[in-house]
Ligand SMILES: [Zn+2]
């Protein structure tokens with residue numbers, strides 16, 4: 001599979017499509033170098049357009065990016081729970097519940113009679129966020145959702161897709177995060 005241009009070059013453990021969309025959305029924030037693709041309207045518009053989450057002749061407004069970033073952290077909290085961390089709090093769920101409330105999914109029947117759910121007309125941001133919610137729903141139904149996890153390193157929290165047998169993976173990358181945490185625990189035990 002060739003990697004789509006909107007997927008980070010740091011993506012060592014990519015999810016299958018369309019869950020890759022959710023993973024890449026969460027990874028627009030990179031804790032390692034402190035970069036955030038959803039901060040600057042022009043840059044955010046470029047990334048969201050490339051990912052098919054934005055379809056408008058204008059860049060997103062700062063208020064719209066605020067909503068997108070809050071949804072991103074809400075999803076990240078779900079991925080922390082998928083990784084064996086604490087369950088999301090009501091506060092964690094607020095943004096994703098608000099996005100669900102604003103979503104207007106639409107049903108469509110194809111030429112072969114296949115029924116599909118699409119994002120309805122709720123403005124460019126609403127449509128994009130609905131696509132993310134639908135990808136989450138599909139993944140929850142086919143079981144792939146549990147494999148999308150936030151890294152166990154609290155300073156990292158990078159979203160990775162756990163293909164390990166038994167779904168026991170905890171780190172975005174064993175060589176960096178996994179060893180960093182193990183060394184820290186070792187030092188703590190020696191003290
Ligand atoms: Zn990590």
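The values are calculated or read from the model by the stated rules, or taken from the named source; none is laboratory data. Keep in mind that this is a model prediction, so the values were computed, not measured. Please note: Cβ atoms are built from the backbone with ideal geometry, for glycine as well, and neighbour counts cover all protein chains shown.
Residues in the range 1-46 that are assigned to a helix (DSSP H, G or I) and surrounded by fewer than 18 Cβ atoms within 10 Å (Cβ to Cβ): 41, 42, 43, 46. Pairing each residue of the range 170-181 that is in contact (Cβ under 8 Å) with a residue 12 or more places away in the chain and closer than 11 Å to residue 13 by Cβ with any residue that is in a loop (DSSP other than H, G, I, E, B) and more than 9 Å from the ligand (Cβ to nearest atom), provided the two are 6+ apart or on different chains, yields C-beta distances under 6 Å for 173/12. Restricted to the range 64-84, and to residues there that are touching a strand residue (DSSP E or B) at 6+ places or on another chain (Cβ under 7 Å) and farther than 17 Å from residue 103 by Cα, the residue that is surrounded by the fewest Cβ atoms within 10 Å (Cβ to Cβ) is 82. Cβ-Cβ contacts under 6 Å between residues 6 or more apart (or on different chains), taken from a first residue in the range 31-46 that is farther than 14 Å from residue 58 by Cβ to a second residue that is within 16 Å of the ligand (Cβ to nearest atom) and outside any loop (DSSP other than H, G, I, E, B), are listed as 36/29.
Condition check ((1) at pLDDT 95 or above; (2) loosely packed, with under 14 Cβ neighbours inside 10 Å) across all residues:
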position	(1), (2)
90	yes, yes
93	yes, no
97	yes, yes
110	yes, yes
116	no, yes
142	yes, yes
150	yes, no
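Going through (1) surrounded by 15 or more Cβ atoms within 10 Å (Cβ to Cβ); (2) in a loop (DSSP other than H, G, I, E, B) one by one, residue 55 falls short only on (1).
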